[in-house]
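Before any comments, here is the structure.
The values are calculated or read from the model by the stated rules, or taken from the named source; none is laboratory data. What you see is a predicted model; the values in this text were computed from it and never measured. Cβ sites come from the backbone with ideal geometry, for glycine too, and all protein chains shown count toward neighbours.
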Amino acid sequence: MEITTIIVVALAVLVGLSLGLLGGGGSILVVPLLTYIGGLDPKEAIATSLFVVGATSLVSLFGHARKGNVRWRTGLIFGAAGMVGAFGGGLAGGYIPGTVLMVAFAIMMIATAGAMIKGRKDRDGQSTTHHHPLWRILLDGLVVGAATGLVGAGGGFLVVPALVLLAGLPMTVAVGTSLLVIAMKSFAGLGGYLTSVSLDWPLVAAVTAAAIAGSFVGIRLTSVVPEKALRKGFGYFVLLMGAFVLSQELPFPAAPIILGTVAILGTAAATCLLAAKDRCPLRSATPIAARAS
């Protein structure tokens, strides 16, 4: 058991690295980590992930704030709506069977992976010109918050595009602001879960400390690592993890079908992107100006 705990804590560094560098992805890693390696019940793993991701996001937030990458007013408005949805999702999640939660989590992972691989519509750190009304931002925050509270996922990789598309923030600012939103939603979702779930607080503290250490590395890497390449690579990893979770939770015949399908689609996409640039439908969807950059 001690060796398992050490492995979980060591791998938790990747959670912080993802949050510090990409503004999301923490719970995508920590929930399977705690469930399949740490041996926690799915509900306990989700609740633990909410605390770990919330605390790590809060620490990472100040690093991004020093760089001027946080829009406090936008984040607080979006986050306030997200907290309401997250608390409701956390309340509901405490009474839903663990298998159902893990299947929903896997579906969220696959959807997240698709968004990561596809990328954003904004280019070169420029903000979009479409600003949606306040009610739309509040509604989106409520929905994203409910998803976060229910399955402990869907934080950054739903919040970041929402801030880009709805609030018109540049990508770098959206990443920093998303950490404020994630922290608010995570603690609200945790509050909902704590009405029905108990946590192993020494383990929570150890995993959180490791994740925070990783977040400092991630913040430093934001100006070094090409964000686009890293996001796509991480997206394929998340896709594989989502397929793995589904294969573990669904009946046996579904496992080889899911893993085989993901392997075939992933291989086809990689071959398409690397080979026939002009003929690949994935490439043709990319604007010419973006290719030239």
*Between a first residue in region 176-190 that is over 15 Å from Ser49 (Cα atoms) and free of Cβ contacts under 8 Å to residues at least 24 places away in the same chain and a second residue that is surrounded by 24 or more Cβ atoms within 10 Å (Cβ to Cβ) and not polar (S, T, N, Q), which pairs have beta carbons less than 7 Å apart while being 6 or more apart in sequence or on different chains?*
none
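Looking for whichever is modelled with pLDDT under 60 and assigned to a helix (DSSP H, G or I) here; the options are Ala270, Ala229. Which one fits?
None of the others qualify; the one that does is Ala270.
Counting only residues that are in a helix (DSSP H, G or I) and at pLDDT 75 or above, how many does region 165-184 have?
So the answer is 13.
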*Identify the residue in region 185-213 that is part of a helix (DSSP H, G or I) and among the hydroxyl-bearing types (Ser, Thr, Tyr) and, among all such residues, is nearest to the chain's Cα centre (by Cα).*
Ser186
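In contact (Cβ under 8 Å) with a residue 40 or more places away in the chain, among the polar types (S, T, N, Q) and under 23 Å from Leu194 (Cβ atoms): does that describe Ser49?
Judged against the criteria, Ser49 is a match.
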*Output yes when any residue across region 123-132 is surrounded by fewer than 18 Cβ atoms within 10 Å (Cβ to Cβ), at pLDDT 85 or above and of a type outside the set (D, E, K, R), and no when none is.*
no
_Against the condition assigned to a helix (DSSP H, G or I) and not β-branched (Val, Ile, Thr), how does Gly88 come out, does it pass?_
yes
*If you check Gly68, Gly85, Gly98, which single one turns out to be at positive phi and either in contact (Cβ under 8 Å) with a residue 12 or more places away in the chain or surrounded by fewer than 20 Cβ atoms within 10 Å (Cβ to Cβ) (or both)?*
Gly68
